Amino acid sequence: MNDSNATTDAGPAAGEAFARTVSTSVARTVVGQEVVVERILIALLTGGHLLLEGVPGIAKTLLVQAVGRAIDLEFKRIQFTIDLLPSDIVGSEILDPESGSFRIHKGPAFTNLLLADEINRASPKVQSALLEAMQERRVSIGDTTHDLPAPFLVIATQNPVEQAGTFELPEAQLDRFMLRHRLDYPTFDEEAEVVRRGLQLKLKRQGDGAVPMSAFDAIEEASPFHVRDLTKAMERVLEVHVSDVFVRDCVELVTMTRDHPDLELGCSPRAAIALVNASRARAFIHGRDYAVPEDFLALAEDVVLHRIRLNYEALAEGRRGEDVLREILANLA
Amino acid sequence: MRRRSSIRARRTTAILAAGCIVASSFAVSQEGGEEAATRGITGRIVVESEHGHVRGRPDLDLDSPILVRVAARDHRPDGRWVTELEFIGVDAGVFDLRDSLVFDDGGPTERLEPLPVEIVSNLASDAPSDVFLAEAPPATIAGGYRTVLVVVAVAWTLVPVVVVVRRLLRRPPTPPVPPPSPTILDRLEPLVRRAADRQLTVDERGRLELLLHAHWRMRLGLEDDPAAAVRRIRRDPEAGRLLRRVEAWLHAPDGRSPSAAELGELLAPYGDRVPEVVS
């Protein structure tokens, strides 16, 4: 907790210190992935939700858990499967045999940081239940409505390769994720460091027996921050100045996606809001009290790409969303 | 009684029917003592002789005016030799069939009574025709079905070929000479001038900043990715310093407009006209 002054300090440097402390804490467990940590922090600071796309085995779960631990957030993970039910997420009423009455059993949605692993493996009904909870930040169990804890952040993951037996999230549902970030494999040096760290893991003793430690066991127990530090940081983000010129740039970008000849579906106004809010958080993380074009340029891919759909002709020509976005950004002026 | 009359009626009917069949099978009519037959159609004639059977002359060929073959032979108890002959007239006209016959014993056919046959033609006298080797009529739209089909098929194939070849050979129209693309500096210049006069609208200020990004991106030869390029520009000693000052001017909360001197210094690097083309 010795670094928690980072957010109580006034001035633009507070955000940079906050982000650096969280990154340092996470880096003790996870090698590399600084950009993803930044995106998770942006989502946390703005109350948006994050969709992570990446092949299995690149430490998505470990990363999210480490970030949660760094800010002392309650963390829960749900592995989405085809037979998952909405009640498995939000909870249900259970008959108490002793009292003969129903009692509420709260599901894993009642947490600060919820990792929805492989969200596209669950049926649309379950996806819809989670996305409603994300949107409204409350759930109904039986006749009663329960507020979800604050902060409440869903980080969902998708495997972009294995698509058999999955239910692709429709555009309307995707739009509810503030950011979608694609994780790449670590670099050669990073991967070597991952292996070296794995070699240092010892045995975890349980009674007379023992099991090998995993990277999850290496997550630091001590949290440099508390939830209230996050709340303060969120307040600071709201103070980050957004100029009219910056708003103009963001709206211009979003509207250009609606008129582009290669796009069947452009971005909704929610995208412009997300772009401005996320840019604010990024400015805060980078120690500025105002957002600059670099912020929205850096975040455009994560905000825009999952909200646009290429038309048939563009797909036939082998165009990708990244190409179209790059073209739009180049022509923005 | 009734039964006998019934039998008689049946016999009469049978004889009449047989007569009709025989009459129809002989496409030969007897008019004025001559057997008549249509050209190319088989006619029949019965030849009776007391000297033996007759047959067609062995040297008859397709060029002969009339061809003869033996259809049936009989030797009657009264000693007469009956030969039923079939003949086909190749040319129209009246012929003595004896000229086309020989006796089996090789004796002269003058021993027979004259056997005149008339071959009649239903075609016009000048109609070119050959009984055995019909000449193909000239191909016309009305006739020559196969030829017409071939012509249509060839035309069907040729039409797209011709169209494709013509398109390939067609010279593309000379494209209109596009007006020279405005350079970044062309676009920057009026904005810089208006900025100096402090007349920039929000939209113009936004465009000014993004054009400055584009200017530095090209000047420093940075990659296409705008986000990565801006990061690099901000790290560049000269460009970064200027860009941060523009950012502070356009985005900082105090929003203080630079003085005329500051503005002049800020926009000075963009005054040099270099041949850059907007990508």
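Please go through segment A:217-226 and pick out each residue that is assigned to a loop (DSSP other than H, G, I, E, B) and under 14 Å from A:Val31 (Cβ atoms).
Going through segment A:217-226, the residues assigned to a loop (DSSP other than H, G, I, E, B) turn out to be A:219-226.
Hit for segment A:217-226 is A:Ile219, nothing else.
Selection of segment A:93-112 for residues being among the polar types (S, T, N, Q) and crowded, with 17+ Cβ neighbours inside 10 Å yields A:Thr111, A:Asn112. Figure legend. Inter-residue proximity from segment B:198-222: first residues at the interface with chain A (Cβ under 9 Å from one of its Cβ atoms) and among the β-branched types (Val, Ile, Thr), second residues in a helix (DSSP H, G or I) and surrounded by fewer than 22 Cβ atoms within 10 Å (Cβ to Cβ), beta-carbon distance below 8 Å, spacing 6+ or different chains. Indicated pairs: B:Val202/A:Asp244; B:Val202/A:Arg248.
Each row is one residue, and each column tells you yes or no for (1) assigned to a strand (DSSP E or B); (2) in the same structural domain as B:Glu48 (by TED's automatic domain parsing); (3) modelled with pLDDT of 90 or more.
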site: B:Glu86; (1), (2), (3): yes, yes, yes
site: B:Glu113; (1), (2), (3): no, yes, no
site: B:Ser129; (1), (2), (3): no, no, no
site: B:Phe132; (1), (2), (3): no, no, no
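Among the residues of segment A:245-261, those that are buried (at least 18 other Cβ atoms within 10 Å of the Cβ), away from chain B (no Cβ under 13 Å) and either over 15 Å from A:Ser279 (Cβ atoms) or polar (S, T, N, Q) (or both) comprise A:Thr257, A:His260.
Among the residues of segment A:127-142, write down those that are in a loop (DSSP other than H, G, I, E, B) and modelled with pLDDT under 85.
Of the residues in segment A:127-142, the ones in a loop (DSSP other than H, G, I, E, B) are A:137, A:142.
Result: A:Gly142, single match.
A residue that is touching a Lys or Arg at 6+ places or on another chain (Cβ under 8 Å) and outside any helix (DSSP H, G or I) cannot be found anywhere in segment B:152-173. Candidates in segment A:171-196 are the residues that are in contact with a helix residue (DSSP H, G or I) (Cβ under 8 Å, 6 or more places away or on another chain) and in a loop (DSSP other than H, G, I, E, B); of these, the one that is surrounded by the fewest Cβ atoms within 10 Å (Cβ to Cβ) is A:Tyr185.
Which of the residues spanning segment A:281-302 are in contact with a Phe, Trp or Tyr (Cβ under 9 Å, 6 or more places away or on another chain) and in a helix (DSSP H, G or I)?
Pass one, segment A:281-302, residues in contact with a Phe, Trp or Tyr (Cβ under 9 Å, 6 or more places away or on another chain): A:282-285, A:290-293, A:295-296.
Selection gives A:Arg282, A:Ala283, A:Phe284, A:Ile285, A:Pro293, A:Asp295, A:Phe296.
As a summary of the residue check, A:Pro261 satisfies the conditions (1) out of contact with any Lys or Arg (no Cβ under 7 Å at 6 or more places or on another chain); (2) part of a helix (DSSP H, G or I) except for the one numbered (2).
Based on this model, can you work out whether A:Glu38 counts as of a type outside the set (A, V, I, L, M, F, W, C) and surrounded by fewer than 17 Cβ atoms within 10 Å (Cβ to Cβ)? Before the answer, list the steps.
Working: of a type outside the set (A, V, I, L, M, F, W, C): yes; surrounded by fewer than 17 Cβ atoms within 10 Å (Cβ to Cβ): no.
Considered against the rule, which asks whether it is of a type outside the set (A, V, I, L, M, F, W, C) and surrounded by fewer than 17 Cβ atoms within 10 Å (Cβ to Cβ), A:Glu38 comes out as no.
Output yes when any residue across segment B:220-228 is farther than 23 Å from A:Glu301 by Cβ and at pLDDT below 85, and no when none is. If you could, list the steps in order and put the result at the bottom.
First, pick out the residues of segment B:220-228 that are farther than 23 Å from A:Glu301 by Cβ: none.
There is no residue in segment B:220-228 that is farther than 23 Å from A:Glu301 by Cβ and at pLDDT below 85.
Filtering segment A:198-216 to residues that are surrounded by 10 or more Cβ atoms within 10 Å (Cβ to Cβ) and either in contact with a strand residue (DSSP E or B) (Cβ under 7 Å, 6 or more places away or on another chain) or in a helix (DSSP H, G or I) (or both) leaves A:Gly198, A:Leu201, A:Leu203, A:Lys204, A:Ala210, A:Val211, A:Pro212, A:Met213, A:Ala215, A:Phe216. Candidates are the residues of segment A:262-287 that are over 15 Å from A:Gly48 (Cα atoms) and buried (at least 23 other Cβ atoms within 10 Å of the Cβ); the one that is farthest from the other protein chains (Cβ to nearest Cβ) is A:Cys267. All of A:Glu53, A:Glu34 fail the test of being modelled with pLDDT of 85 or more, within 18 Å of the chain's Cα centre (by Cα), acidic (Asp, Glu) and closer than 28 Å to A:Asp175 by Cα, apart from A:Glu53. Annotation: of all residues in segment A:11-31 being outside any helix (DSSP H, G or I) and under 21 Å from A:His241 (Cβ atoms), the one that is farthest from the chain's Cα centre (by Cα) is A:Gly11.
The values are calculated or read from the model by the stated rules, or taken from the named source; none is laboratory data. Being a predicted model, the structure only gives us computed values, none of them experimental. Backbone-built Cβ (ideal geometry, glycine too); neighbour counts: all protein chains shown.
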